[in-house]
1. Pick from Thr304, Thr296: which is surrounded by 14 or more Cβ atoms within 10 Å (Cβ to Cβ), assigned by TED's automatic domain parsing to the domain that holds Gly363, at negative phi and polar (S, T, N, Q)?
2. For residues that are free of Cβ contacts under 8 Å to residues at least 60 places away in the same chain and closer than 18 Å to Glu147 by Cβ, tally how many sit in the stretch 323-354.
3. What residue, of Tyr359, Tyr354, is closer than 29 Å to Ala142 by Cβ and either touching a helix residue (DSSP H, G or I) at 6+ places or on another chain (Cβ under 9 Å) or modelled with pLDDT of 90 or more (or both)?
4. Take the residues of the stretch 21-49 that are in contact with a helix residue (DSSP H, G or I) (Cβ under 8 Å, 6 or more places away or on another chain) and outside any helix (DSSP H, G or I): which is surrounded by the most Cβ atoms within 10 Å (Cβ to Cβ)?
5. Looking at Asp229, Asp220, Asp252 in this structure, which one is free of Cβ contacts under 8 Å to residues at least 40 places away in the same chain, acidic (Asp, Glu) and farther than 24 Å from Asp339 by Cα?
6. Within the stretch 300-350, how many residues are within 19 Å of Val274 (Cβ to Cβ) and among the hydroxyl-bearing types (Ser, Thr, Tyr)?
7. Quick check on Arg214: is it of a type in the set (Lys, Arg), part of a strand (DSSP E or B), surrounded by fewer than 16 Cβ atoms within 10 Å (Cβ to Cβ) and free of Cβ contacts under 8 Å to residues at least 60 places away in the same chain?
8. Looking at Leu175, Leu171, Leu148, can you tell me which residue is modelled with pLDDT under 90, closer than 20 Å to Val121 by Cα and of a type in the set (A, V, I, L, M)?
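The values are calculated or read from the model by the stated rules, or taken from the named source; none is laboratory data. Note that the coordinates shown come from a computational prediction; the quantities given were computed from them, not determined experimentally. Every residue, glycine as well, gets a Cβ built from its backbone with ideal geometry; the counts of neighbours run over all protein chains shown.
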Amino acid sequence: MMNNVNQDIVRYVEGKIIPQYSGFDRAHNVEHAKSVIAESLRLAAHYDVDTNIVYVVAAYHDIGLKNGREVHHIESARMVREDENLRRWFSEDEIRLIADAVEDHRASNTWEPRSIYGRIVAEADRHIEPNEILRRTVEYGADHYPELGKEQHWERFKAHMKEKYADGGYLKLYLPESENAKKLQDLRTIIGEGAFLRKKFEEYYNDVMSRQVRHALIDDVGEIMAMVDFSRRLMRAEGNVQQWVNGYPSEDAIKADIKSGNGYVVEEGDGRIVGYFAFVIGADPTYQNIYCGKWTDEGEVYGTIHRLAKAEGAHNVANRCLEWCKLQIDYLRIDTHKDNKTMKKVASKAGFEYRGIIYVADGTERDAYQWKSSFIG
């Protein structure tokens, strides 16, 4: 069907419009845009329509995401109306038709598409593949709500599935030539099976989280030390003047983490490093003695987290680190200085419980925290 589209329009769209999707989340990226275009053109073959209009509606349907998800359909339509290049190929009436169809594509709209073009692209945008929808929903949550813990992501995931896809959900289908109806029923079957839905969530959540963290490399040391310096400045700005003193953690300490396989970096989707931490599984001498409290995981193998740092401008790095560590083992321990209010708040929000006081190698005290999986009795 692409052969039936004006190639001047294709060159313009592929050069100026499609690349804009590269800045959106994984559920609305370039691959998604191209998928909607292909399915729209396939559906268009069943109707007496202008394939140039179908192609442009599909290409522009999500570009308004740069101005916010809640109004993206309205913004996308505005961008169609304001794109003077489109007037090289379309009349004013056709541009209004394209803009209306773009605005009408959104699943949560309270009105039905006003034209066959809106129905075609709305149906193509649904693209109901049960496993793909489940995965994309988890990915969207990870991208847009990195501050949430695993159970909070699960609750958001369940609520979205029910609100949009379950019986009575707001998703509407329009064209019988699409396979969406049958696949929607398959998805509803999964949604109705609570244990299986949780299993699929676990699978995709674990995959998404694992892709955010990798082993640190020696080549990363320069960026890591910059994050250490920035994090130290943050501590000082918050009144924490006794933690990370006398050059700790040094470059040698970071290199030792890396060489032992215990150093990790947190990455954004574009590969940019935004965080660093050391993660070690096994008994840690620092935690052998605890005062003014006690551990409740004695005899269990646990993991410990040290030297957590983040890049300037990065957000929710500590939470992403802790959530990743939770996937590695059922018991975790962490400590921080009593003046490190930010880390104490993050640990508490992530489900870590204060257990007492420990003393680190230089003899100074730290507040100690412990976490255990909710699946442990």
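1. Of Thr304, Thr296, the one residue that is surrounded by 14 or more Cβ atoms within 10 Å (Cβ to Cβ), assigned by TED's automatic domain parsing to the domain that holds Gly363, at negative phi and polar (S, T, N, Q) is Thr304.
2. Qualifying residue count, the stretch 323-354: 9.
3. Checking each option against the conditions leaves just Tyr354.
4. Filtering first and then ranking leaves Phe24.
5. Asp252
6. Selection size over the stretch 300-350: 1.
7. Yes, satisfied.
8. The conditions single out Leu171.
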